[in-house]
Amino acid sequence: MTKGNASKRYDREMKLGAVKLVLEEGRSYAQVAEGIGASEQSIRQWVRAFQKSQGDAFPGSGKLSGQDEEIRRLKEELRVTRMERDLLKKTLPLFAERLK
């Protein structure tokens with residue numbers, strides 16, 4: 001097991017490749033860790049994250065997972081809808097007054 005890899009960053013493809021080696025090809029965590037220069041613990045964490053997310057793991061910096069992106073989009077849509085509703089509530093009396 002190698003230490004001192006805290007500053008090393010692995011992109012999504014590297015992590016997915018490591019997970020595939022463990023899950024699909026049956027390689028041990030130690031073999032994969034040694035092969036790519038990561039810690040065994042990192043490989044275990046990547047596998048757990050992949051299994052937990054059901055394949056939508058490692059979105060990358062600034063990128064949201066599919067589910068998180070949908071939540072963000074829906075929250076923004078709700079914010080806009082509430083703003084429009086509030087605007088209509090404020091202007092409805094003005095239009096009603098003009099119709100009289």
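The values are calculated or read from the model by the stated rules, or taken from the named source; none is laboratory data. Here the structure is a predicted model, which means the values were calculated and not measured. No Cβ is skipped: glycine too gets one built from the backbone with ideal geometry, and neighbour counts run over all protein chains shown.
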For this session: Being of a type outside the set (A, V, I, L, M), modelled with pLDDT of 80 or more and either in contact with a strand residue (DSSP E or B) (Cβ under 6 Å, 6 or more places away or on another chain) or not in a helix (DSSP H, G or I) (or both) narrows it down to one of GLU84, GLU76, GLU25, so name that one.
Result: GLU25
Exercise. Can LYS20 be described as without any contact (Cβ under 8 Å) to a residue 40 or more places away in the chain and not hydroxyl-bearing (Ser, Thr, Tyr)?
Worked result: yes
For this session: Pick out the one residue from GLN45, GLN67 that is at pLDDT 90 or above, of a type outside the set (A, V, I, L, M) and under 19 Å from ARG12 (Cα atoms).
Result: GLN45
